[in-house]
Amino acid sequence: MKPITLYTANCRGDKFNTVYPVKREIASVEDLREAVQYDQVFAEYEGNHRAITDFIRSDCLPFDCDNDHSNTECEWKTASDVEKAFPGVPFYLVYSRHHMKWKGKYSPRPRFHVIFPIDPVKNGDDYRALKESVIAFFPYFDTGAKDAALFFFGVKDPEVELHGGDADEP
């Protein structure tokens, strides 16, 4: 799978942080496991400041699946469902900090992030449009997480997987 680039904060769990100064080249599950321990973004921003207006470029598309579309366990989506929906497409999967835990009014269930590698995009509107097209195709991803300034909270002791396509090839 081709490498992707993430930028991390120097903290975990700070929803007010907007500075992501640490550039991380991700070429393996191990690289990603190290990176996602910290709050992370999936684009480069002017001055390392996470904001839609500061978007410079991204080489990956992140999505969030909280399985809040149903309270019926057999309707919850898994990595296997993502593989079936996107046959031959490699992606990383990171179980979120709320995986199999109560989250608000929702019972424990699979919660994860999916990161697809893409050719670099240098326009925030184009980036959002790509995300919208994927969500339209697979509506189980969080529809509120489409903009070019999305961040994910870091996960202590993250579980990370590589799936799909020729994922084992560079």
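For the cross-link pairs Lys23/Lys105; Lys101/Lys122; Lys23/Lys101, which exceed 32 Å when the distance is taken from alpha carbon to alpha carbon?
Beyond 32 Å between Cα atoms: Lys23/Lys105; Lys101/Lys122.
Any idea of the accessible area per residue across the chain, 1.4 Å probe, to the nearest Å²?
Counting only protein heavy atoms, the per-residue value for the chain is 50 Å².
Pick the calculated percent of Cα pairs over 30 Å apart for this structure from (1) 31; (2) 14; (3) 10?
(3)
Explain nothing, just compute: Karplus ³J(HN,Hα) = 6.51 cos²θ - 1.76 cosθ + 1.60, θ = phi - 60°, for every residue of the range 97-108 in order, whole Hz, x for Gly and Pro.
5, 9, 4, 6, 10, 5, 9, x, 8, 8, 5, x
On the accessible surface of the range 91-170, probed at 1.4 Å, how many percent belong to carbon and sulfur atoms?
Of the solvent-accessible surface of the range 91-170, carbon and sulfur hold 49 percent.
Met100: net charge of surrounding residues, Cβ under 13 Å, Lys/Arg +1, Asp/Glu -1, itself excluded?
+2
Based on DSSP H runs of at least 4 residues, each adding -39500 (n - 2.57), what is the mean residue ellipticity at 222 nm of the chain after dividing by all its residues, to the nearest 500 deg cm²/dmol?
Rounded to the nearest 500, the figure is -4500 deg cm²/dmol.
To the nearest 20 debye, what charge dipole does the range 42-84 have about its Cα centre, counting +1 at the Cβ of each Lys and Arg and -1 at the Cβ of each Asp and Glu?
Charge dipole of the range 42-84: 120 debye, to the nearest 20.
Whole-Hz Karplus ³J(HN,Hα) for the range 58-68, in order, using 6.51 cos²θ - 1.76 cosθ + 1.60 and θ = phi - 60°, x for Gly and Pro?
Once θ is set to phi - 60°, the couplings for the range 58-68 become 8, 10, 7, 10, x, 9, 10, 10, 9, 6, 9 Hz.
The values are calculated or read from the model by the stated rules, or taken from the named source; none is laboratory data. Nothing here was measured: the structure is a model prediction, and the numbers come from that model. All Cβ positions, even for glycine, are placed from backbone atoms using ideal geometry, and neighbour counts span all protein chains on display. When the accessible area is computed, the model is the full protein with side chains, heavy atoms only, and any ligands, DNA or RNA have been set aside. Shrake-Rupley method; radii C 1.70, N 1.55, O 1.52, S 1.80 Å.
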